[in-house]
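Inspection log for the structure reproduced underneath, given as structure tokens.
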Amino acid sequence: MDRPEKIIKSVCKSCHGGCGVLVKVKEGKIAKIKGNPDSFTRGTMCLKGLSSLEDANHPQRVLYPMKRKGKRGGCEWERISWNEALDTIANRMKEATVRHGARSIAVLQGTGRGYNRYTFRFARSLGTPNIGLPAHFCYGPRLSVFGMMVGGRLYCDYHGWGGSYPKTQISWGKQLEITNADGEMAVWFLDSLKKAKHLILIDPRATRLAPKSDLWLKIRPGTDGALALAMLHVIIHEQLYDKDFVRDWTYGFDQLSERVRDYPPERAAEITWVPKDKIVEAARIFALEKPGCIQIGEALEASIHTIHTLMAIVSLMAITGNIERPGGMVNWIPPDTGPMEDFAMEVPPPRETPVGAERFRLLNQPPFAMCHLPTVFKELSEDKGTIKLMHIEGSNPLVAYENTKVVMKGLLNLEFLSVADLYMSPTAEYADIVLPVAHWLETDDIYDMHPRFWVGAINKAREPRGEAWPDNKIFNELGKRIAPDYWFQDVEEMLNYQLRKAKIGWSEFSQKGVLAKTGSDQVYYKYKTDYWRKGGGFRTKTGKVELYSTLMEELGYDPLPNYCEPAESPYSAPQLEGEYPFILSTGGRIPYYFHSQYRQILRLRSRQPNPLVQIHPKTADRLGIKSGDWVWIETERGRIKQVAQLFEGMDERLITVQASWYFPEFPAPDHGLWESNANVLTSNGPSFDPAIGATPLRSLFCKIYKY
Ligand SMILES: Nc1nc2c(c(=O)[nH]1)N[C@H]1C(S)=C(S)[C@@H](COP(=O)(O)OP(=O)(O)OC[C@H]3O[C@@H](n4cnc5c(=O)[nH]c(N)nc54)[C@H](O)[C@@H]3O)O[C@H]1N2
Ligand SMILES: Nc1nc2c(c(=O)[nH]1)N[C@H]1C(S)=C(S)[C@@H](COP(=O)(O)OP(=O)(O)OC[C@H]3O[C@@H](n4cnc5c(=O)[nH]c(N)nc54)[C@H](O)[C@@H]3O)O[C@H]1N2
Ligand code: SF4
Ligand SMILES: [Mo]
């Protein structure tokens, strides 16, 4: 009998996610995935999303819970039942809590995948403050600075709901056009760009945006703080700022003016290698051609100076009067569900300090306190410290975190490690228990990511393969075994609960597909209303935009933006320049991959089979390197090899390597972890951003030579 064809509406989650999709199911099988023209992303999809079925059907997916036999990393596995797997993990966690306290457990998640709220709720319900995310160098700095300065979040207004689109756009250390980072979708950005008068690109490399930009500031990596301070200098000195907004709605303008006096554009030009005229021009355009917005990239966060750099950039947004203005930077109001993270926040936070957060104190700020993973791995590698047991839901620390040798030593010293993943990543290979995770095509959940004006229904198009479970079910079933008060009968009850404020149940929401606040439902200039505060104002201590941060002051840090030189640079460590003559940047994103994922997907791998290191043609010529040669890249930590790609659009002294490479086709357990993984080169200390503990993934010293 013919089974009817069905079209399932869902949200792709093959990266951070966000693209509306239509999944065609024929005779019970998924036949095709395409973009949904009636969604926020208007039918667009990237090749990763279009390859989702190949991913879901891949023969190497983990399909059953497994426990380790023999020694850790010995690659001998035994299939076990879900009950045995969950009971084992739960019992180990309870035991650890009795023996060492709940703080001995760390719960890790990688980049945002729309289930962060489960990770946080789970860790809180265990009683551990040690939630571990890459947030010290990714998105955490932005959220911290937005929080301390404006009491909320700031997103570029690409949507024009207030009647204006950005006239000036700055793309600062970001490739949104290929990364769709943090739920801010490239399609919105590129469409709004057509309506903009100016695009300013601030990047050491000529990215795909360079031909579209009227100004490209070819900055030396890690010096963005000096550039932003000099732009502030120009705007303040030339009186180009928004005087009414500054007078009525900012705190600390005089101190900021005093501070930027130290950063005239000629000084910044020396530091940043950007000509003075271009700095002045960029500042004038941003101050005069309004409204304007700034898209901030992860490159500015993976720096030992991220917090003060971002403070200077938010000050630029503020003194030009671009905050909460149509076409500027807006803190969207959430749909009727309320902020989805309330699901985690309603569980009382543990009182203890997360590991490392006594030193990097911004990591210990409500509502998102978390541990500092470089500290966790360092302590573990020295066989000391607090953490004994780790559960990892969707992260691959052996590839993702600084200094792979240290991370490996640390993982090996854990008493117990459980990993929930779709594949046997190098990290999963070293686990005691591996849990099989369902693909998003096999999952029912609520999609919630930035920029938070909408939530969408992820609707499963088929049952999970093997015995895989969705992440939400894993957290719920594990949670029930340890802290039943906070968990639910089943996933449907948990989804209904999260939708209760919107007065809609999961089944109705899953049909509807989306809840959003758009168009006239959105509100601008919220600080002029009672929205955040009675009588108006921002949700900060002073009620103003804090150019001078009272929180930074309270925590013992410089309350005003400032600049400091990268730790490995020709100016700060000239003695090393002889041996390591190049500036190394790691991690510009690859369109066909998402971090360490998808090297096993042929359709994607065929686009770029090998890791690429970008070298300026003149540098390559001097070193006898030709395009396509394998090249060693070496730092004080170690060396890796990647394939040379000659690239003219950057300084001759810069070398950029791709991050996140391992080779699933290489033998277990390491799968080529040491061959080309950029984090063999990076450092997990001693230099960190003093407030949040970020590390310099984008500005290190290196040497290169032919393989
Ligand atoms: N396809 C794909 N998309 C992704 C990801 C992926 O792995 N693949 N990862 C996701 C994640 S978690 C994140 S955090 C985002 C990151 O995405 P983005 O924030 O867009 O960051 P990158 O792509 O790394 O681009 C950073 C740009 O900054 C430049 N840059 C490097 N150092 C500096 C510097 O010191 N100053 C300045 N001004 N620029 C610098 C680089 O040359 C590069 O062009 O992407 C997300 N999207
Ligand atoms: N040198 C250098 N290092 C970097 C960066 C850089 O630019 N340079 N970027 C950093 C940044 S910004 C980030 S965010 C981190 C990212 O770090 P991670 O998020 O740890 O990224 P991955 O290494 O891809 O590991 C993710 C794992 O989760 C699995 N997975 C995918 N989807 C799901 C799911 O839905 N559920 C579950 N349970 N598992 C899933 C994948 O198979 C994979 O094994 O890397 C960081 N590391
Ligand atoms: S950008 Fe992300 S959400 Fe959109 S299709 Fe690609 S992988 Fe899927
Ligand atoms: Mo990230």
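The values are calculated or read from the model by the stated rules, or taken from the named source; none is laboratory data. No experiment lies behind these values; they were computed from the predicted model shown. Cβ: placed from backbone, ideal geometry, glycine included. Neighbour counts: every protein chain shown. Keep in mind that these areas ignore ligands, DNA and RNA; they rest on the heavy atoms of the full protein, side chains included. Shrake-Rupley method; radii C 1.70, N 1.55, O 1.52, S 1.80 Å.
Going by amide H atoms built from the backbone, whose H comes under 5 Å of the H on L697, apart from near neighbours?
Residues meeting the criterion, in which the H sits 1.01 Å from N, are S303.
Give me the aspartates and glutamates in straight-line cross-link reach of K544: C-alpha distance below 16 Å, same-chain residues under 8 apart excluded.
The reachable aspartates and glutamates, counting only those whose Cα sits under 16 Å from K544, are D242, D244, D248, D254, E324, D530, E553.
Out of residues 5 or more away from I200 or on other chains, whose amide H comes under 5 Å of its own, with H placed 1.01 Å from N in the peptide plane?
Q169, I170, S171
Run down the aspartates and glutamates and flag those whose C-alpha is under 16 Å from the C-alpha of K194, throwing out any fewer than 8 positions away in its chain.
Qualifying aspartates and glutamates at Cα under 16 Å: D157, E177, D214, E289.
Put +1 on the Cβ of each Lys and Arg and -1 on the Cβ of each Asp and Glu in the range 111-239; which of F120, H233, Y139 then has its Cα farthest toward the positive end of the dipole?
Checked the options; the winner is F120.
Give the list, by residue number, of cysteines in the chain with no other Cys Cβ closer than 4.7 Å, or say none.
When partners are defined as cysteine Cβ atoms under 4.7 Å apart, the chain leaves C15, C46, C75, C138, C371, C564, C702 without one.
What are the lysines whose alpha-carbon lies under 18 Å from the alpha-carbon of K480, with same-chain residues fewer than 8 places away excluded?
K94
Of M390, G513, F368, which is farthest towards the positive pole of the chain's charge dipole, taken about the Cα centre with +1 and -1 on the beta-carbons of Lys, Arg and Asp, Glu respectively?
Highest projection toward the positive end goes to G513.
If you count the DSSP beta bridges with both ends in the range 156-333, what percent of them are antiparallel, to the nearest 5?
Around 5 percent antiparallel, to the nearest 5.
Mind checking the dipole of the chain: about its Cα centre, +1 per Lys or Arg Cβ, -1 per Asp or Glu Cβ, Debye to the nearest 20?
1120
What fraction of the DSSP beta bridges in the chain is antiparallel, stated in percent and rounded to the nearest 5?
Counting only bridges with both partners in the chain, antiparallel ones make up about 50 percent.
Determine the distance separating the Cα centre of the range 314-384 from the Cα centre of the range 617-692; give it in Å without decimals.
30
Return the Rg/Rh ratio of the range 574-706 with Cα-based radii and a Kirkwood Rh.
Using only Cα positions, Rg/Rh for the range 574-706 is 0.97.
Over the range 156-333, what is the relative contact order in percent, taking alpha-carbon pairs closer than 8 angstrom and at least six residues apart?
Relative contact order for the range 156-333 comes out at 35 percent.
What whole-number value in Å² describes the accessible area per residue of the chain for a 1.4 Å probe?
36
Once you keep just the Cα pairs under 8 angstrom separated by 6 or more residues, what percentage relative contact order results for the chain?
That works out to 19 percent.
What is the dipole size for the range 177-285, taken about its Cα centre, with +1 at each Lys and Arg Cβ and -1 at each Asp and Glu Cβ, in debye to the nearest 20?
My answer is approximately 380 debye.
Report, in listed order, any pair from K67/K460; K618/K706; K388/K409; K460/K503; K405/K641 with a Cα-Cα distance greater than 24 Å.
From the list (K67/K460; K618/K706; K388/K409; K460/K503; K405/K641), the Cα-Cα distance tops 24 Å for K67/K460.
For S81 and R153, what is the calculated FRET efficiency with R₀ set at 51 Å and r taken between the beta-carbons, to the nearest 0.05?
Calculated transfer efficiency: 0.75.
Need one value: the accessible area of T179 in square angstrom, 1.4 angstrom probe, rounded to the nearest 10.
We get 30 Å² for T179.
Using a simple charge model, +1 on the beta-carbon of Lys and Arg, -1 on the beta-carbon of Asp and Glu, nothing else, what dipole does the range 574-706 show about its Cα centre, in debye to the nearest 20?
My answer is approximately 420 debye.
When the chain is fully extended, how far beyond the present Cα-Cα distance does S572 get from D558, taking 0.36 nm per residue of separation?
Extending this stretch completely gives an extra 3.0 nm.
For the range 572-706, give the share of DSSP beta bridges that are antiparallel, in percent and rounded to the nearest 5; count only bridges with both residues there.
Here the share of antiparallel DSSP bridges comes out near 65 percent.
Using θ = phi - 60° and the Karplus form 6.51 cos²θ - 1.76 cosθ + 1.60, what ³J(HN,Hα) does each residue of the range 112-129 get, whole Hz, x for Gly and Pro?
x, 9, x, 10, 3, 5, 6, 4, 5, 5, 4, 4, 4, 5, 6, x, 9, x
Explain nothing, just compute: Karplus ³J(HN,Hα) = 6.51 cos²θ - 1.76 cosθ + 1.60, θ = phi - 60°, for every residue of the range 452-468 in order, whole Hz, x for Gly and Pro.
Karplus-based 3J(HN,Hα) across the range 452-468 equals 6, 9, 8, 10, x, 8, 8, 10, 5, 9, 7, 6, x, 6, x, 10, 5 Hz.
Which whole-Hz couplings ³J(HN,Hα) result when phi for each residue of the range 581-589 is put into the Karplus expression 6.51 cos²θ - 1.76 cosθ + 1.60, θ = phi - 60°, listed in order with x for Gly and Pro?
Listing the rounded values in order: x, 10, 8, 9, 10, 10, x, x, 6 Hz.
Go through K167/K212; K174/K378; K243/K517 and tell me which ones have a Cα-Cα distance over 21 Å in this structure.
Too far apart for the 21 Å limit: K174/K378; K243/K517.
Give the residue from Y251, A210, S192 lying farthest towards the positive end of the charge dipole for the range 143-280; charges sit on Cβ (+1 for Lys and Arg, -1 for Asp and Glu) and the dipole is referred to the Cα centre.
A210
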